[in-house]
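Taking it in order: structure first as structure tokens, then the write-up.
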Amino acid sequence: MSNIDELKATDTRLIKAGKKALVRTYGCQANFRDSEHLKGILTSLGYTLCEDLKEADLILLNTCAIRENASQRVFGEIGLLKSYKKQKPDLILGLCGCMAQQKETIAYIKESYPYLDLVFGTHNLYRLPALLAAVEKQRQTVIEVLPKSDGLHENLPEVRDLPHKAWVNIMVGCDKFCTYCVVPYTRGRQQSRPMAEVLLEVENLVKQGYKEITLLGQNVNAYGKDLGLESGFYQLLEACSNTGIKRLRFTTSHPWDFEKKLGDLIAFKENLMPFIHLPVQAGNDEVLKRMGRRYSRESYLKLFDYLRSTIPGVAISTDIIVGFPGESREQFEDTLSLYEYCKFDHAFTFVYSPRANTPATKFEDPVAEIDKKAWLAELNLLVKKYSLARNQSMVDKEYEVLVDGPSKKNPEVYSGYTKDNRLVNFNGADLKTGDLVMVKIQQARSFSLNGTKSQNQPIEKDKAGAL
Ligand code: 5AD
Ligand code: SF4
């Protein structure tokens with residue numbers, strides 16, 4: 001049965017019209033993209049979307065399991081929602097996404113939160129209409145979690161969050177099985193969408209006036225390997241850039257699958273943004289090996305240097321895990337020295353968090369949590385230092401910014417992003433979401449820039465959008 005047939009087959013009379021639904025999303029962009037589909041399905045069933053918990057007749061938490069604190073936040077939230085459920089017994093409370101894919105979580109939920117009405121996983125969100133109908137009928141917890149994907153589901157309804165920037169999934173799942181990571185278990189094995197489907201979606205977005213598209217996958221550089229494609233991501237990126245979209249981005253990259261010629265393509269194509277998120281995770285070879293990352297410090301740095309020297313003005317950010325089981329102080333210092341060498345534009349840094357059923361939970365882990373937190377703080381000083389230094393080098397220059405919109409507090413202060421993905425808050429007037437403007441940078445902060453809109457028009461002078 002196709003998705004549309006599935007929707008039609010749902011006995012929508014069971015879902016009363018005029019009800020309000022709230023979808024709350026945790027975690028990565030894959031979850032935010034899934035939530036756009038959840039919202040699309042809900043509106044096609046007659047729900048109106050809302051933001052206020054008190055107004056909602058249906059609350060759906062789309063969850064993340066990447067680290068323990070992500071799961072704890074959700075458990076806290078479900079606890080708080082119990083009082084809403086008491087005040088409004090007809091309220092439907094649902095949990096979906098990555099947490100639902102974990103057996104241990106399901107057992108814990110059944111025991112601790114029996115008032116949840118609906119639980120479903122990452123592989124069957126297209127079944128939401130039927131599952132809601134079951135909830136309305138049964139009025140007892142409906143749980144449906146598929147252990148693995150039953151294939152890709154195209155053409156699901158959607159409500160996109162933004163009118164000017166869009167996420168496009170090019171694949172789901174991951175085959176890399178890094179030893180600390182839960183994603184291959186919660187999202188399943190890698191499945192690439194057919195190139196023609198991705199291109200059609202991108203072309204439609206361009207027609208609708210979208211200015212920026214980000215191609216999304218856990219490991220975009222491996223795109224197409226499961227379809228038997230050679231250099232699949234290179235081909236896809238080139239084809240997408242030929243659609244005429246103003247700004248094209250992608251995330252996330254895995255250094256092992258990253259072909260150098262992709263750097264040449266980014267340097268050559270005007271609409272490929274000079275920004276690469278290239279998670280390194282650790283700077284020590286032994287740690288990288290035990291993480292199952294399949295590259296060495298040297299090969300990472302070789303790729304890094306190539307990208308820096310090939311793409312003018314490129315910004316490179318990274319992810320780092322501190323305190324991987326068995327990591328010694330000396331090994332952690334290799335991460336610090338790698339950071340000093342790379343001077344990343346930005347980094348997301350985490351203390352290692354054991355995840356059920358992943359191989360790393362079995363590794364010995366003698367370092368105390370408090371020491372790991374101290375290492376993290378040490379690393380974060382470097383993150384701040386180099387981000388600020390790079391931002392300071394931009395002061396008094398003008399950069400192209402894609403306008404997100406005015407600030408909630410002051411309609412004359414706008415925010416937006418540069419081509420190399422820096423957040424800029426700037427003074428301006430009469431601007432619209434989706435405008436491309438030049439902004440003169442006046443002040444650098446650690447993780448953002450302040451400036452004023454200039455009278456100059458964006459013209460292509462420099463890959464990073466500087467005048
Ligand atoms: N503990 C800490 N950080 C993790 N990440 C993934 N799994 C874990 C874990 N178990 C981090 C990695 C990844 C990012 C999305 O989250 O750095 O790149
Ligand atoms: Fe997780 Fe590794 Fe896949 Fe990234 S590449 S999603 S860290 S298994």
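The values are calculated or read from the model by the stated rules, or taken from the named source; none is laboratory data. Worth saying up front: this structure is predicted, and the values here are computed from it rather than measured. Every residue, glycine among them, receives a Cβ derived from its backbone with ideal geometry; neighbour counts consider all protein chains shown. Ligands, DNA and RNA are stripped out before the accessible areas are found, and what is left, the full protein with its side chains, is counted by its heavy atoms. Shrake-Rupley method; radii C 1.70, N 1.55, O 1.52, S 1.80 Å.
Say the cut-off is 28 Å between C-alpha atoms; which of LYS110/LYS176; LYS246/LYS408; LYS148/LYS246; LYS260/LYS372; LYS39/LYS408; LYS211/LYS453 go over it?
Working: LYS110/LYS176 31 Å; LYS246/LYS408 26 Å; LYS148/LYS246 37 Å; LYS260/LYS372 34 Å; LYS39/LYS408 24 Å; LYS211/LYS453 19 Å.
Pairs exceeding 28 Å: LYS110/LYS176; LYS148/LYS246; LYS260/LYS372.
Taking amide H atoms as placed 1.01 Å from N in the peptide plane, list the residues 5 or more away in sequence, or in a different chain, whose amide H sits under 5 Å from that of LYS20.
Amide H neighbours of LYS20: THR48, ASP57, LEU58.
PRE reach from ARG445 (point 7 Å along Cα→Cβ): which of segment 377-395 fall under 17 Å by backbone N?
Hits in segment 377-395 for ARG445 at 17 Å: 384-395.
Residues of segment 398-453: accessible area per residue at 1.4 Å, in Å²? Walk me through the intermediate numbers first.
Details: 2600 Å² over 56 residues.
Ligands and nucleic acids excluded, the figure is 46 Å² per residue.
Multiply the residue gap between TYR115 and ARG294 by 0.36 nm, knock off their C-alpha separation, and tell me the result in nm, one decimal place. Don't skip to the answer; put the middle values down first.
Values: separation 179, 0.36 × 179 = 64.44 nm, distance 4.42 nm.
Net length gain for the segment: 60.0 nm.
Pop a pseudo-label 7 angstrom from the Cα along the beta-carbon direction at both GLU340 and ILE143 and give the gap in nm to one decimal.
Between GLU340 and ILE143, the simple spin-label model gives 5.1 nm.
Whole-Hz ³J(HN,Hα) for each residue in segment 406-421, computed from phi via Karplus 6.51 cos²θ - 1.76 cosθ + 1.60 with θ = phi - 60°, x for glycine and proline: what do you get?
x, 5, 5, 7, 9, x, 9, 10, 10, 10, x, 10, 6, 4, 8, 6
If one computes P(r) from the Cα atoms of the chain, what percent of pairs lie at distances over 31 Å?
Considering the chain, 48 percent of its Cα-Cα pairs are separated by more than 31 Å.
Write out the cysteines belonging to the chain for which the nearest other cysteine Cβ is not under 4.7 Å, or none if no such cysteine exists.
Isolated Cys, the chain: CYS28, CYS50, CYS64, CYS96, CYS98, CYS174, CYS240, CYS342.
How about segment 151-239: which GluC sites (Glu not before Pro) there are in a DSSP loop, with at most 16 other Cβ atoms within 10 Å of their Cβ?
On the way: sites: GLU154, GLU158, GLU197, GLU201, GLU203, GLU212, GLU230, GLU238; in loops: GLU154, GLU158, GLU230.
Answer by residue number: GLU154, GLU230.
Sequence gap at least 6, Cα distance under 8 Å: using those rules, report the relative contact order of the chain to the nearest whole percent.
On the way: 912 pairs, mean separation 48.0, N = 467.
Worked out over the chain, it gives 10 percent.
Scan segment 267-307 for GluC sites (Glu not before Pro) in coil per DSSP, keeping those whose Cβ has at most 13 other Cβ atoms within 10 Å, and list them by number.
GLU270
For the chain, what is the mean residue ellipticity at 222 nm derived from helices alone (per DSSP H run of n ≥ 4: -39500 (n - 2.57); sum divided by total residues; nearest 500 deg cm²/dmol)?
-10500 deg cm²/dmol
What are the ³J(HN,Hα) values, in whole Hz, obtained from phi via the Karplus relation 6.51 cos²θ - 1.76 cosθ + 1.60 with θ = phi - 60°, for each residue of segment 149-159 in sequence order, with x given for Gly and Pro?
Result, rounded to whole Hz: 5, 9, x, 7, 10, 8, 6, 6, x, 8, 10.
Tell me the GluC sites (Glu not before Pro) within segment 361-467 that lie in a loop according to DSSP and have at most 14 other beta-carbon atoms within 10 Å.
Sparse-neighbourhood loop GluC sites (Glu not before Pro): GLU364, GLU412, GLU460.
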